[in-house]
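Quick notes on the structure that follows.
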Amino acid sequence: MTTPTPPTPLWRTRRFRIAALAGTVVLLALIIILQNLERWDIQFLFWNVRTSIAATIFASMLAGAGLEVLLRLVLRRRKRKRESARLAEHKPEEKTD
């Protein structure tokens, strides 16, 4: 008879570590944003916007997160195509009589 394994402590789980890391990043982002409430002008090509530094930082963080999501989607799609092509190569052909 096998002995039951004791449950893994919460702080050792991967989910907890990811949540702790995400919480730390959010906390640091909030500190940076709240310390930069001054207003400034942003000029990009033909746009001219007056906004707070905090809004600019937040928008930059959102843009970076969005780019990461898009990149992951593209890479995942490429991986699936490669795997399906590889499986199609090694799939034995069916014999028809």
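If you consider only alpha-carbon coordinates, what radius of gyration and Dmax does the chain have, in Å?
For the chain, the Cα-based Rg and Dmax read 24.6, 79 Å.
Taking R0 as 25 Å, what's the FRET efficiency between residue 47 and residue 67 from their Cβ-Cβ distance, rounded to 0.05? Could the numbers behind the result be given before it?
Values: r = 20 Å, r/R0 = 0.78.
Once rounded, the FRET efficiency stands at 0.80.
Specify which residue in the list 20, 43, 4 is farthest towards the positive end of the charge dipole of the chain, using unit charges on the beta carbon of Lys, Arg (+1) and Asp, Glu (-1), about the Cα centre.
Final value for the positive-end residue is 4.
Assuming 0.36 nm per residue, please report the length gained on full extension of the stretch residue 56 to residue 40 beyond their Cα-Cα distance.
4.8 nm
Would you grab the residues whose amide H sits under 5 Å from the one on residue 52? Only those 5+ places off in sequence or on another chain, please, with H modelled 1.01 Å from N.
40
Compute the acute angle (0 to 90°) between the alpha-carbon long axis of helix 14-34 and the principal axis of greatest extent of the alpha-carbon atoms of the chain; round to the nearest 10°.
20
Would you mind calculating the gained length between residue 81 and residue 5 on full extension (0.36 nm times residue separation, minus the Cα-Cα distance), in nm to one decimal?
23.3 nm
Calculate how steeply helix 53-90 sits against the longest principal axis of the alpha-carbon atoms of the chain, using the helix alpha-carbon long axis, and give the answer as 0 to 90 degrees to the nearest 10.
10
Let me spell out the model: positive unit charges on the Cβ of Lys and Arg, negative unit charges on the Cβ of Asp and Glu, origin at the Cα centre of the chain. What dipole size does that give, in debye rounded to 20?
Approximately 280 debye in magnitude.
Laboratory data are not the source of any read-out in this text; all were calculated from the coordinates shown. Computed from a predicted model, the values in this text were never measured in an experiment. All Cβ positions, glycine included, derive from the backbone under ideal geometry; neighbour counts span all protein chains shown.
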